[in-house]
Amino acid sequence: MSSLAQLQKDFLSCLQAPLNSKDRLQPSRLNDRWIKSEIKPNPRLTAIDRIEIYARQYWFRILESLYDDFPGLRALMGDQEFERLIRRYIEKFPSRSYTLRDFGTRLPSFILKEKRAYQEKSSLYYQMATMELAQLHVYDENEESPLTAKQLGARPLDCRLRISPHVRLMALDYPLDEWQLKLNQGGLREQLSNGVLDRRLKSKCRALVGAIKKERIYLAVHRYQFKVYFKRIEPWAFELLTAFDQGIALGAAIEKVMKQKKFKNAVNASSVQTEFQEWSAMGWISLRKLKK
């Protein structure tokens, strides 16, 4: 008889064994000796049948979670390719937590490692997954109090700022913000999260995917009044906010951006002041706390 800890470990390994194309356990992937020793059949179910009930609950719940978290990626890839991806992902990174909140965190990097399978589309899939992951994170993150003049003190240009946790900055090669807004029209994105699409909706998805063209954009994914929004920002604003997050002092960050030739006609003291006031009002930036 195994110890309780070993019993739990062996049982979990059975639950996490990949299912076959018919969503059944594969005996060849299981520890047959352990099953015969520890799991007893009953008049209606074999030992494997009994384990399979729990294994399917494990797999179906996690699959459902990833469908819910990455509906835009599903729309881009199509049902079959998306399901193949997430099943490989679940097998590679089985659940290690009581919560599914962060289960998809490694999916973007996993897509990059699988890029040979997706060729030129790997970048699009990676950026879509990263964007949807950002939406999940900013929805739950803490929102800090707006930056005030008092906090900046007598020498504001020497202050070091940081981006608030409820904001994510993204540089994208595709206008995925507009594309996701189109998915939201008519509740298509919600249906992608929750169920099987009929032929009409699949056709609509294919049309939307076919319309995506490359376009370099800079985006802030942020939460405002308990809702997640996309806000496009100018390239110089993206670099300035990124400099803040790198710990560069306010004055040095502004000087760094304004000295760049590519921003010569796009940025000036007035535009910086206008954007800075808006970022402060929305709580995007806060004073960086000094390490003790």
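Read-outs throughout are calculated quantities, based only on the coordinates presented, and are distinct from any laboratory measurement. Just so it is clear, the model here is predicted, and its values are computed rather than measured. Note that we place each Cβ from the backbone using ideal geometry, even for glycine, and neighbour counts take in every protein chain shown.
A few notes on this one:
- Dipole axis of the chain (+1 Lys, Arg; -1 Asp, Glu on Cβ), positive-most option in GLN185, GLN277, LEU30: LEU30
- Acute angle (nearest 10 degrees) that the helix 269-281 long axis makes with the longest principal axis of the chain, alpha-carbon atoms: 40
- Sorted peptide list for 68-76, 173-181, criterion being average Cβ within 10 angstrom, highest first: 68-76, 173-181
- Shape class for the stretch 223-267: oblate, because the ratio a/c of the largest to smallest gyration tensor axis (alpha-carbon atoms, square roots of eigenvalues) is 1.5 or more and b/c is at least a/b.
- On Cα atoms only, tilt of 79-92 relative to the major axis of the chain in degrees: 80
- The chain: relative contact order in percent, alpha carbon pairs under 8 Å with at least 6 residues between: 20
- Cα-Cα over 19 Å, subset of LYS182/LYS227; LYS9/LYS36; LYS121/LYS227; LYS40/LYS92; LYS182/LYS213; LYS121/LYS213: LYS121/LYS227; LYS40/LYS92
- Normalised by residue count, the chain yields a Cα convex hull volume of 186 Å³ per residue.
- Centroid-to-centroid separation of the stretch 64-78 and the stretch 88-144 [C-alpha atoms, Å]: 11
- Each Lys and Arg Cβ is given +1 and each Asp and Glu Cβ -1; about its Cα centre, the stretch 33-81 then shows a dipole of about 500 debye.
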